[in-house]
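One structure is given here, and the rest of the page talks about it.
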Amino acid sequence: MHFPIKRRVAVVGAGMTLYRRRLQETTKEMVFHAVKMALDSAGLTIKDVDAVVGGSAPDLFDGIHMKGENVITEAGGALKPYLRNFTGGTTGVSQQINAWSIVASGLADVCISVSWEKMSPCHPHPQYAFWTIFDRIIERPLGVNLVWIFALEMNRYMHKHNIKKEDIALVAVKNKANALDHPCAQLPAKITVEDVLNSPVMCWPVQRLDISPPSDGASAVIFASEDVAKKITDTPVWVIGVGRCEDTTYWMNRDLYFPYYAYYAGQQAYSMAHIYNPRKEIDVFEIYDPFDYKELHHMEGLRLCGKGEAPKLTREGVTQRDGDMPVNPSGGLMGVGNPIAAGGGMKVCEIFWQLRKEAGKRQVKKDVTVGLAHAWGELMQGSSVLIMKV
Amino acid sequence: MEGKIGLERKIAVVGVGWSGFKPFTTEEYRELIFEAAVKAYEDAGGINPRKDVDGFIGVAEDLWEGISIADEYYPDQVGAVFKPENSVSADGIVGFISACMMIQSGVWDTAVVEAHSKISEVLSVNDLLLFALDPVFNRPLWNVDPKTKKPVGGHPYMFAGLEMNRYLAETGTTVEQCAKVVVKNYRNALKNPFAAYGSNLTVEDVICSKVVSHPLKELDASKFADGCVVVVLAGEEVAKKYTDTPIWVKGYGFCSETSWLECHDWGDSVYTRISGEMAYKMAGIKNPRKEVNFAEVDDTFSYKELQNLEALKIFGRGEAGKFVEENLTAIDGDFPVNPSGGSLGQGNLFCANGLQKILGVVLQLRNEAGKFQVSKAEVGLAQAWRGIPTTSGAVTILGR
Amino acid sequence: MSVKISKYPGVGLKEEDIKGKKVLTTVWPCNLKYSWSAGVAVGRFLTELKNGKIIGRVCKKCGRILIPPRMYCEWCWKPTDEWVYVKDTGTINTYAITHLATDGVTRLKEPMPIAVIQLDVPAKLPRFFAGFLHYLGEVKPEDVKFGMKVKAVWKPPEERIGSITDIKYFKPV
């Protein structure tokens with residue numbers, strides 16, 4: 001880097017709607033609610049906003065082509081610079097990088113970043129839309145389903161490190177229990193490892209309780225430049241590291257047991273934040289968990305432990321809220337819900353609230369100053385990372 | 001919004017590459033992108049994407065390709081595997097601006113932006129355009145035939161027809177003046193070796209073509225084309241490593257008007273006006289007509305070129321039509337507009353239109369435009385619109 | 001959620017609310033049709049599949065044989081150099097047993113094994129191999145193992161159309 005990063009950018013407000021399998025609100029209404037909440041939480045009005053970044057995953061879910069255009073006004077972007085970031089599942093965090101750069105480059109002082117997803121309009125089931133993420137010529141004729149690719153990766157991961165399903169199920173148990181304290185959660189529950197292992201097999205080794213549900217929901221955060229942030233709040237949460245990268249599209253040519261994309265995205269963010277030992281220097285983590293094994297997979301990718309060691313940490317309770325390295329204190333996507341882009345958005349909101357000690361019953365026990373939000377997406381392919389500090 | 005003045009860190013375009021533009025291509029779209037990327041990196045002094053490029057921005061919209069998550073298929077062919085990357089679903093110029101902002105903020109030194117069109121693969125573009133309308137308030141205007149499951153009703157270009165009608169009424173511009181834009185751009189395209197639709201038309205040809213949605217005629221609308229454009233950017237400290245002719249980014253702006261199609265300003269291009277103001281302020285331009293030499297502006301429809309020129313304050317409200325008639329905007333005119341042929345002459349590349357405009361400006365500024373070179377090329381402006389039924393656009397000003 | 005916020009927007013609905021017409025709904029069919037070019041690389045791949053052969057591209061710099069073939073090596077970032085035929089045998093890199101059909105809802109009568117088949121081609125770079133996703137056949141789901149050797153079972157020549165489904169499945173040898 002030849003040019004030092006001069007402008008400090010902070011997150012100053014956040015808001016989210018309930019996450020449910022079906023919400024009555026239309027896409028526009030959901031987005032409005034999330035943005036209004038975020039503005040209210042920061043004591044701002046729409047007049048104070050200079051730019052807006054929207055983020056939402058496949059258009060096929062709500063059945064609107066160029067869906068970013070459908071919510072411009074509701075997101076607060078009317079007559080303002082507005083863009084939609086779209087990187088599949090990583091959108092929830094990668095859009096924050098766009099919003100950060102809008103403020104860091106000096107184009108704006110206040111930028112809203114709203115993530116939303118409305119999966120319920122897709123019939124017969126949102127799952128079916130996922131068929132269209134696969135290669136049009138080499139894979140779709142096989143009738144491939146999204147759960148297949150997760151099952152293939154999970155099996156490879158389990159085989160490589162000799163991990164048992166019982167250990168992976170502990171993540172589902174932890175996250176769903178954590179979600180009991182999240183007011184917006186879709187499927188909070190007190191379950192046991194046996195419940196997970198006895199749930200219907202979807203695509204072995206994936207069973208129903210290993211999977212996060214499809215959801216409708218929206219969340220928003222507000223970025224502000226240093227001067228403005230200090231006027232709005234006494235506890236701005238500073239963005240100190242960003243990272244995003246992808247592996248090759250050809251997922252069937254790679255050994256899936258280790259998420260190199262998470263490693264490199266983490267490296268970018270750690271390097272920008274001058275973090276050398278993430279396990280010690282970061283206090284709280286929100287790691288993308290569309291399936292329970294993914295939390296473990298990504299923990300290893302982000303260098304929070306050695307390859308194959310994540311299950312041990314979970315077994316020992318290290319990743320619990322009162323543990324040494326709390327992961328997904330919100331309840332993660334498993335418990336709160338997985339409206340693709342808004343899933344990542346929820347994680348950013350959670351880190352924001354954790355660092356400001358506003359997470360109530362979900363507040364982790366240890367003292368927190370640095371937090372990491374991570375999102376994953378596409379064909380076992382991409383990760384985005386955001387590191388914040390209070 | 002106050003808007004930013006000046007750029008703290010100068011950014012240059014150090015390489016451009018393209019493939020197409022043709023009505024139909026047989027390569028797979030990733031092969032098309034690879035071809036454009038190879039040319040762009042070669043143009044940028046042989047920059048190695050695996051080593052020298054810090055970040056990549058892709059511009060794509062799922063349903064133009066028929067893939068959910070078009071970003072999945074982005075990294076391989078541009079050399080972005082394991083490198084910082086991001087994708088925006090917006091106009092090509094907005095992707096360009098995203099890359100500029102990442103460089104401005106200091107986190108990247110070099111960046112690549114890519115956008116493409118493979119619209120020949122979409123079997124019914126009209127159904128796709130209807131799919132972009134609001135499902136609650138606009139789509140119910142089209143009845144769905146229960147047997148064929150296809151929507152039955154007006155052509156989606158009716159929105160352009162409505163806008164054109166309002167614009168003509170508000171400004172007194174005539175259909176003949178709009179037709180003159182078509183004639184000019186198709187003739188310019190004859191001089192452009194990579195344009196898809198160069199031809200010698202007359203104003204009568206345009207006016208007598210089939211009515212699409214009054215007063216819009218068939219030849220008033222640009223035809224589709226396949227193609228890809230890749231642009232390489234670098235911060236000033238490293239730009240000279242890759243090129244002897246850096247083209248500097250003077251200013252940029254982007255804006256969206258509203259998500260409510262019925263509420264947008266039908267007669268004026270508000271998003272262009274605001275984007276232009278942002279860009280002029282950043283570039284320190286007070287009199288665009290004098291301080292900018294030529295422009296590549298959106299001409300997805302003929303009237304759009306005139307509407308945009310007025311919104312950009314290059315001509316006064318209602319004057320653009322007159323100046324086109326007087327050949328002021330011809331290649332050898334006082335203020336050339338779309339010397340490359342624009343979308344009308346080169347083909348409508350949808351998301352890639354913005355980068356197509358930037359390509360046109362960069363070639364002019366480098367004196368590499370060959371037969372369609374304008375004589376005075378110091379400062380050029382590129383402007384684009386996302387197309388029907390959106391109200392989003394962007395502007396960037398480049399100079400030597 | 002923040003402790004400072006007491007009310008959360010959103011009204012959840014059940015499937016019965018929609019079917020029972022308790023809320024207004026609007027329906028639009030997704031009628032989007034495309035005709036995709038396979039391109040130079042995959043076009044040749046499909047043609048050879050019709051002939052009962054598997055073909056790949058070679059990148060001379062990293063030495064990899066790329067299957068599915070592509071005209072560029074994404075790792076070295078350069079055009080690939082030549083075509084090469086490979087045997088239709090391989091080993092199982094990873095597998096899964098699916099109980100779900102494509103729509104994600106319908107349960108299959110018989111669980112079906114699927115696998116990522118690593119073709120018998122020298123692996124020149126760690127973690128990369130040549131291969132693709134396909135079904136497994138003539139094997140019980142419980143007998144599938146990692147590293148199992150498999151061979152392609154092709155459709156008869158008159159039934160092949162130039163598609164990945166010209167291979168019916170891979171069976172253990």
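Out of (1) farther than 18 Å from B:L32 by Cα; (2) modelled with pLDDT of 95 or more, what's the single condition that is false for C:I65?
Failing condition for C:I65: (2).
Kindly evaluate A:M37 against the criterion of being within 8 Å of chain C (Cβ to nearest Cβ), among the hydrophobic types (A, V, I, L, M, F, W, C) and within 19 Å of A:T91 (Cβ to Cβ). Walk me through how you get there before you give the answer.
Details: within 8 Å of chain C (Cβ to nearest Cβ): yes; among the hydrophobic types (A, V, I, L, M, F, W, C): yes; within 19 Å of A:T91 (Cβ to Cβ): no.
Spelling it out, it is not the case that A:M37 is within 8 Å of chain C (Cβ to nearest Cβ), among the hydrophobic types (A, V, I, L, M, F, W, C) and within 19 Å of A:T91 (Cβ to Cβ).
Filter the stretch B:125-153 for residues that are in a loop (DSSP other than H, G, I, E, B) and over 20 Å from A:F61 (Cα atoms) and give the result.
Going through the stretch B:125-153, the residues in a loop (DSSP other than H, G, I, E, B) turn out to be B:131-138, B:142, B:145-150, B:153.
Of everything in the stretch B:125-153, those that are in a loop (DSSP other than H, G, I, E, B) and over 20 Å from A:F61 (Cα atoms) turn out to be B:W142, B:D145, B:P146, B:K147, B:T148, B:G153.
Return yes or no: is C:K4 more than 7 Å from every other protein chain (Cβ to nearest Cβ), part of a loop (DSSP other than H, G, I, E, B) and either surrounded by 17 or more Cβ atoms within 10 Å (Cβ to Cβ) or among the charged types (D, E, K, R) (or both)?
No: the conditions fail for C:K4.
Can you confirm whether the stretch B:51-68 contains a residue that is small (G, A, S), within 17 Å of B:V113 (Cα to Cα) and within 14 Å of chain C (Cβ to nearest Cβ)? Give the steps one after another, and end with the answer.
We begin by selecting, within the stretch B:51-68, every residue small (G, A, S); these are B:55, B:58, B:60, B:66, B:68.
In the following step, the residues that additionally are within 17 Å of B:V113 (Cα to Cα) were identified as B:55, B:58, B:60.
Still in the list and also within 14 Å of chain C (Cβ to nearest Cβ): none.
No, the conditions are met nowhere in the stretch B:51-68.
Is at least one residue of the stretch A:223-242 crowded, with 24+ Cβ neighbours inside 10 Å and in contact with a Ser or Thr (Cβ under 6 Å, 6 or more places away or on another chain)?
Checked the stretch A:223-242: no residue is crowded, with 24+ Cβ neighbours inside 10 Å and in contact with a Ser or Thr (Cβ under 6 Å, 6 or more places away or on another chain).
Mind counting the residues in the stretch B:85-101 that are farther than 15 Å from B:K10 by Cβ, at the interface with chain A (Cβ under 7 Å from one of its Cβ atoms) and not in a strand (DSSP E or B)?
Qualifying residue count for the region: 4.
Could you go through the stretch C:28-39 and let me know if any residue there is modelled with pLDDT under 90 and more than 7 Å from chain B (Cβ to nearest Cβ).
yes
One line per residue, one yes/no per condition, for (1) β-branched (V, I, T); (2) free of Cβ contacts under 8 Å to residues at least 40 places away in the same chain; (3) surrounded by fewer than 22 Cβ atoms within 10 Å (Cβ to Cβ):
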residue	(1), (2), (3)
A:I149	yes, no, no
A:E153	no, no, no
A:I168	yes, no, no
A:D181	no, no, yes
A:T192	yes, yes, yes
A:S199	no, yes, yes
A:W251	no, no, yes
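Each row is one residue, and each column tells you yes or no for (1) more than 25 Å from B:R273 (Cβ to Cβ); (2) in contact with a helix residue (DSSP H, G or I) (Cβ under 8 Å, 6 or more places away or on another chain); (3) within 14 Å of chain C (Cβ to nearest Cβ).
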residue	(1), (2), (3)
A:E25	yes, yes, yes
A:S41	yes, no, yes
A:G54	no, yes, no
A:A75	no, yes, no
A:P81	no, yes, no
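Filter the stretch B:12-30 for residues that are over 20 Å from B:S343 (Cβ atoms) and at pLDDT 95 or above; which is farthest from the other protein chains (Cβ to nearest Cβ)?
Step one: list which residues in the stretch B:12-30 are over 20 Å from B:S343 (Cβ atoms), which gives B:12-15, B:26-28, B:30.
With the extra rule that they be at pLDDT 95 or above, the set shrinks to B:12-15.
Numbers: B:A12: 13, B:V13: 17, B:V14: 14, B:G15: 15 Å.
So the residue we want is B:V13.
Among the residues of the stretch A:128-148, are any in contact with a strand residue (DSSP E or B) (Cβ under 8 Å, 6 or more places away or on another chain) and either under 30 Å from C:Y8 (Cα atoms) or more than 8 Å from every other protein chain (Cβ to nearest Cβ) (or both)?
For the stretch A:128-148, residues in contact with a strand residue (DSSP E or B) (Cβ under 8 Å, 6 or more places away or on another chain) and either under 30 Å from C:Y8 (Cα atoms) or more than 8 Å from every other protein chain (Cβ to nearest Cβ) (or both): absent.
Quick check, is A:D109 of a type in the set (D, E), surrounded by fewer than 24 Cβ atoms within 10 Å (Cβ to Cβ) and in contact with a helix residue (DSSP H, G or I) (Cβ under 6 Å, 6 or more places away or on another chain)? Lay out the reasoning, then the answer.
Values: of a type in the set (D, E): yes; surrounded by fewer than 24 Cβ atoms within 10 Å (Cβ to Cβ): yes; in contact with a helix residue (DSSP H, G or I) (Cβ under 6 Å, 6 or more places away or on another chain): yes.
Taking the combined requirement at face value, the residue satisfies it.
Could you please let me know if B:G284 is surrounded by fewer than 20 Cβ atoms within 10 Å (Cβ to Cβ) and at positive phi? Show your work before the answer.
Numbers: surrounded by fewer than 20 Cβ atoms within 10 Å (Cβ to Cβ): yes; at positive phi: yes.
Yes; evaluated as a whole, the condition is true for this residue.
Of all helices (runs of 4 or more DSSP H) completely enclosed by the stretch A:276-390, which ones contain at least 1 residues that are polar (S, T, N, Q)? Let's see the steps before the verdict.
Details: elements: A:278-281, A:292-301, A:310-315, A:332-336, A:340-355.
So the answer is A:310-315, A:340-355.
Regarding the stretch B:280-295, can at least one residue be identified that is touching a residue at least 40 places away in the same chain (Cβ under 8 Å), among the polar types (S, T, N, Q) and more than 14 Å from chain A (Cβ to nearest Cβ)? Spell out the reasoning first.
To start, the set of residues in the stretch B:280-295 that are touching a residue at least 40 places away in the same chain (Cβ under 8 Å) comprises B:280-285, B:288-289, B:291-295.
Still in the list and also among the polar types (S, T, N, Q): B:293.
Still in the list and also more than 14 Å from chain A (Cβ to nearest Cβ): B:293.
Yes: one or more hits.
For a quick check of your reading: which helices (runs of 4 or more DSSP H) sit entirely within the stretch B:29-82 and have at least 1 residues that are among the β-branched types (V, I, T)? Explain how you work it out, then say what you get.
Working: elements: B:29-43, B:62-65, B:75-78.
Qualifying helices (runs of 4 or more DSSP H): B:29-43, B:75-78.
Conditions (1) surrounded by 24 or more Cβ atoms within 10 Å (Cβ to Cβ); (2) out of contact with any helix residue (DSSP H, G or I) (no Cβ under 6 Å at 6 or more places or on another chain), marked per residue:
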| residue | (1), (2) |
| --- | --- |
| A:A310 | yes, no |
| A:D322 | no, yes |
| A:N328 | yes, no |
| A:L333 | yes, no |
| A:C349 | yes, yes |
| A:K361 | no, no |
| A:S383 | yes, no |
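Condition check ((1) of a type in the set (K, R); (2) in contact with a Lys or Arg (Cβ under 7 Å, 6 or more places away or on another chain); (3) in a helix (DSSP H, G or I); (4) in contact (Cβ under 8 Å) with a residue 12 or more places away in the chain) across all residues:
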residue	(1), (2), (3), (4)
B:V231	no, no, no, yes
B:T245	no, yes, no, yes
B:E262	no, no, yes, yes
B:W266	no, yes, no, yes
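Of everything in the stretch C:84-109, what is surrounded by 14 or more Cβ atoms within 10 Å (Cβ to Cβ) and either within 15 Å of C:P122 (Cα to Cα) or out of contact with any helix residue (DSSP H, G or I) (no Cβ under 7 Å at 6 or more places or on another chain) (or both)? Give them in sequence order.
C:V84, C:V86, C:D88, C:T89, C:G90, C:T91, C:I92, C:N93, C:H99, C:A101
What tally of residues in the stretch C:40-68 results from selecting those that are within 14 Å of chain B (Cβ to nearest Cβ), buried (at least 20 other Cβ atoms within 10 Å of the Cβ) and over 18 Å from C:T165 (Cβ atoms)?
5
The values are calculated or read from the model by the stated rules, or taken from the named source; none is laboratory data. If you're wondering where the values come from, they're calculated on a predicted model, not measured in any experiment. Note: ideal-geometry Cβ built from the backbone for every residue, glycine included; neighbour counts use all protein chains shown.
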